[in-house]
1. Could you compute Rg(Cα) / (2.2 N^0.38 Å) for chain A, with N its residue count?
2. Hey, what number do you get for chain A at 222 nm if only DSSP H runs of n ≥ 4 count, each worth -39500 (n - 2.57), divided across all residues, to the nearest 500?
3. Please report the net charge: other residues with Cβ closer than 14 Å to the Cβ of A:His76, K and R +1, D and E -1.
4. Once B and A are treated as a pair rather than alone, how much accessible area drops out, both sides summed, in Å² to 100, probe 1.4 Å?
5. Mind checking the angle between helix B:32-59 and chain B's longest principal axis? C-alpha axes, 0 to 90 degrees, to the nearest 10.
6. Could you give the C-alpha radius of gyration of chain B expressed as a fraction of 2.2 N^0.38 Å, taking N as the number of residues it contains?
7. With springs connecting C-alpha atoms under 10 Å apart, model chain A as a Gaussian network and identify which of A:Trp107, A:Trp19, A:Trp89 has the largest mean-square fluctuation.
8. Kirkwood hydrodynamic radius, computed over distinct alpha-carbon pairs, for region B:75-145: how many Å, to one decimal?
Amino acid sequence: MPKAPAGTLYRGREGMWSWVAHRITGVLIFFFLFAHVLDTALVRVSPSSYDSVIATYKNPIVNLMEVGLVAAVVFHALNGIRITLIDFWKSGPRFQRQMLYTEIVVWLVLVVPGAFFMLKHMFETLFGSAS
Amino acid sequence: MATTINGAAAPAIETPRSPRRRPGGPKARTNFELYAWLFMRISGVLLLFLVLGHLFIMNILDGGVQRIGFGFVAGRWASPFWRTWDLLMLVLAELHGTNGLRTVINDYAERAQTRFWLKMLLYVSAGLVITLGSLVIFTFDPNIS
Ligand code: HEM
């Protein structure tokens, strides 16, 4: 049996899995963008029809999905910068793995408080807290 | 004279950096793929600010999505700054996403017919989204009822 080739930048391990996640998040964001341009276009129909689609975003379940979308966009954005650095920075390929772990830390630092505030607004509206 | 290995003709080896030949087709005449690759990186850097800024303002800043409604949009789009921001974000994100999906289709759709029609669907939808979206930004009327 020939030995499996050692992982390269895009084969196996961090390089491949970050590519998989980048692709899945990119496609997800693309389909959301399609829906989002259509719902926003209702401002051109009437204030009440726009307000009624926006009401769906304020629904707690949809709001939770929105937190997931934000998490996906932030990952894709940070990973896109990592890809660009791998391509243009001369030490980029050497540090691709370290950049991925840095990216995950930055992702947590942005997404955890972000999710907290998104959910806080939701709970305040749900339970009518004064703010 | 053709090189031989043990009497059999050796496969021709192209000189390094010779232009890629498409199977059964002429060689590429343009650098389209290079520019598409570059566009993904340049639009990505711009989208980093446009999209993350948009998400922060719409979902997190005072009240988040709970405060959004027609009045909120009318207030924002009164300013040319935000209309420019949103137009730029719309066009860049849609072109970036469309080019990204073109790559995905090229990777997974193996039959020529399937590839062709999936990409046609993609380009038509991209044209619709950019046209509709910019029309809404340019013709927005805060006094509509
Ligand atoms: C927020 C800032 C963004 C950054 C920094 C970014 C960066 C990138 C980069 C650098 C690539 C090229 C990857 C490669 O060639 O290997 C890419 C691919 C892609 N992006 Fe983005 N992007 C962003 C936003 C978006 C948005 C808003 C969408 C959807 C409309 C999107 C959808 C895609 C798709 C579908 C791909 C193709 C993925 C693949 O080929 O596997 N991206 N992104």
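1. 1.40
2. Mean residue ellipticity, 222 nm, calculated: -27500 deg cm²/dmol.
3. Computed value for this residue: +2.
4. Rounded to the nearest hundred, the buried surface is 3400 Å².
5. 20 degrees
6. So the Cα radius of gyration is 1.63 times the expected 2.2 N^0.38 Å.
7. A:Trp89
8. Final number for the Kirkwood radius of region B:75-145 is 13.9 Å.
The values are calculated or read from the model by the stated rules, or taken from the named source; none is laboratory data. This structure is a prediction, so every number in the text was calculated from the model and none was measured. Heads up, the Cβs are rebuilt from the backbone with ideal geometry, glycines too, and the neighbour counts pull from every protein chain shown. Just the protein is used for accessible areas: all its heavy atoms, side chains included, with ligands, DNA and RNA removed. Shrake-Rupley method; radii C 1.70, N 1.55, O 1.52, S 1.80 Å.
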